[in-house]
Amino acid sequence: MADLDDLARHVGAAFQDRTLLADAAHRDAVLAAIDLLDRGALRVATQADDGAWTVHAWVKQAILLYFAVRQMERIEVGPFEFHDKIPLKKGLDAAGVRVVPPGVARHGAFLEKGVVLMPGYVNIGAWVGAGTMVDTWATVGSCAQIGRGVHLSGGVGIGGVLEPPGARPVIIEDGAFVGSRAIVVEGVHVEREAVLGANVVLTASTKIIDVTGEAPVEHVGRVPARSVVIPGTRPKKFPAGEFGVPCALIIGRRSEATDKKVSLESALRDFDVAV
């Protein structure tokens, strides 16, 4: 494997001074970083044993520079024609990944063995874990980190976060279930085995309110592990009067005492969550 410290130095220097991309060593460092991302040997963000996530800004810098070094080209796939700078991901059969036409994953995205990509989209820099389903018309934005055994239902929108390079990408941890047409953007972190009901919208400023206790508890930018979440509204006063603004409501928890699949089914049934 390439020396990551050396790659990071070259990428960082070129990001500060793009004229350095004329130099082979700096350009090759960008290309090498993207190839490592494509193979899963490098990630935009990694999780430590204590659960904390670290964003590797230089990797996002490499992605941004990749657009600068690539030229537009025609890409033909059977009867389909594309015109883009980024090639499509290859070697899906050898990787043990199922992609249903016209599902698309870009070079620089990593799909672990057992991923199923229906006619959806996975952008450069994203990491998708084993056994995860990216259902029809679901999109996984640039640099998003999707764990193992996740279900992204039809039409789910996982936002991309490329800039600024140090910003946290969207993170969906292992075993989470994201219901139809839900949207998760702006670096929101959905912790393991959480359930998001249909049409939940989570942005960096969305109030995520736990209503399971005697008093509401607010979270922003993070859905706690095993939470069951539905769309909601809360009153807010404006000059023209009081109106309901969108929020998300934590209405329960998935049980740790049962099998994960049974627990998911139970959560959907017991809390009447639309998927």
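The values are calculated or read from the model by the stated rules, or taken from the named source; none is laboratory data. It should be emphasised that the depicted structure is a prediction, and the values quoted were computed from it without experimental measurement. So basically every Cβ, Gly included, is an ideal-geometry build from the backbone, and we count neighbours across all protein chains shown. All accessible areas refer to the heavy atoms of the entire protein, side chains included, with ligands and DNA or RNA removed. Shrake-Rupley method; radii C 1.70, N 1.55, O 1.52, S 1.80 Å.
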Exercise for the section: Using +1 at the Cβ of each Lys and Arg and -1 at the Cβ of each Asp and Glu in the chain, identify which of Ile63, Pro101, Val220 lies farthest towards the dipole's positive end. Expected result: Pro101
Completion exercise
Rounded to whole angstrom, the alpha-carbon centroid of region 128-184 lies from that of region 186-214 at a distance of 14 Å
Fill in the blank from the handout: Rounded to the nearest 5, the percent of DSSP beta bridges in the chain running antiparallel is 40 percent
Practice task
Give me the number: length gained by fully extending Lys113 to Lys237, i.e. 0.36 nm times residue separation minus the C-alpha to C-alpha distance, one decimal in nm.
Solution key: 39.7 nm
Fill in the blank from the handout: Phi-derived 3J(HN,Hα) across region 202-218 with the Karplus relation (6.51, -1.76, 1.60, θ = phi - 60°), rounded Hz, x for Gly and Pro, is 10, 10, 5, 10, 5, 6, 10, 10, 7, 10, 7, x, 6, 10, x, 10, 9
Problem - Cα-centred dipole magnitude for the chain, charges only on beta-carbon of K, R (+1) and D, E (-1), debye, nearest 20 - result: 440 debye
Handout entry: Ordering of 238-248, 183-193 by burial proxy (mean other Cβ atoms within 10 Å per residue, highest first)
Key = 183-193, 238-248
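Of the DSSP beta bridges with both residues in region 33-133, give the percent that are antiparallel, rounding to the nearest 5.
Once the DSSP bridges in region 33-133 are tallied, antiparallel ones form about 55 percent.
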Problem - Amide H contacts under 5 Å for Val97, placed H, 5+ residues apart - result: Gly114
Handout entry: Amide H contacts under 5 Å for Gly175, placed H, 5+ residues apart
Key = Arg148, Gly149, Val150, Glu193
Problem - For the chain, calculated [θ]222 nm from helices alone, where every DSSP H run of n ≥ 4 adds -39500 (n - 2.57) - result: -6500 deg cm²/dmol
Fill in the blank from the handout: So, relative contact order of the chain in percent, Cα under 8 Å, 6 or more apart, is 10 percent
Problem - Test item: Cα-centred dipole of region 125-262, Lys/Arg +1 and Asp/Glu -1 on Cβ, debye - result: 140 debye
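Expressed in nm to one decimal, what extension gain is obtained for the pair His219 and Arg39 from 0.36 nm per residue of sequence separation less their Cα-Cα distance? Intermediate results must be reported in sequence, preceding the final value.
Values: separation 180, 0.36 × 180 = 64.80 nm, distance 3.49 nm.
Gain on extension, His219 to Arg39, equals 61.3 nm.
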Exercise for the section: Check the chain and count each lysine pair with an alpha-carbon distance under 23 angstrom, considering only pairs eight or more places apart or from different chains. Expected result: 9
Problem - Equivalent-ellipsoid semi-axes of region 27-138, from the Cα gyration tensor, Å, largest first - result: 23, 20, 11
Exercise for the section: Please report, as a whole percent, how much of the solvent-accessible surface of the chain comes from carbon and sulfur atoms (probe radius 1.4 Å). Expected result: 53 percent
Problem - For Cys247, distant residues with modelled amide H under 5 Å away - result: Gly232, Thr233, Arg234
Exercise for the section: Report, to the nearest 10°, how far helix 260-270 tilts away from the longest principal axis of the Cα atoms in the chain, using its own Cα long axis and a range of 0 to 90°. Expected result: 40 degrees
Exercise for the section: Answer with a single label: of (1) 0.98; (2) 1.01; (3) 0.95, which was calculated as Rg/Rh (Cα atoms, Kirkwood Rh) from the structure in view? Expected result: (2)
Handout entry: Å² of accessible area per residue within the chain, as computed with a 1.4 Å probe and no ligands counted
Key = 48 Å²
Practice task
First select every other residue whose beta carbon is under 11 angstrom from the beta carbon of Phe243; then total the charges, Lys and Arg +1, Asp and Glu -1.
Solution key: +2
Practice task
Name the residue, out of Asp23, Asp174, Asp210, whose mean-square fluctuation peaks in a Gaussian network model built on the chain with Cα pairs under 10 Å.
Solution key: Asp23
Handout entry: With Cα atoms, 0 to 90° folded angle of helix 57-69 axis to the chain main axis
Key = 50 degrees
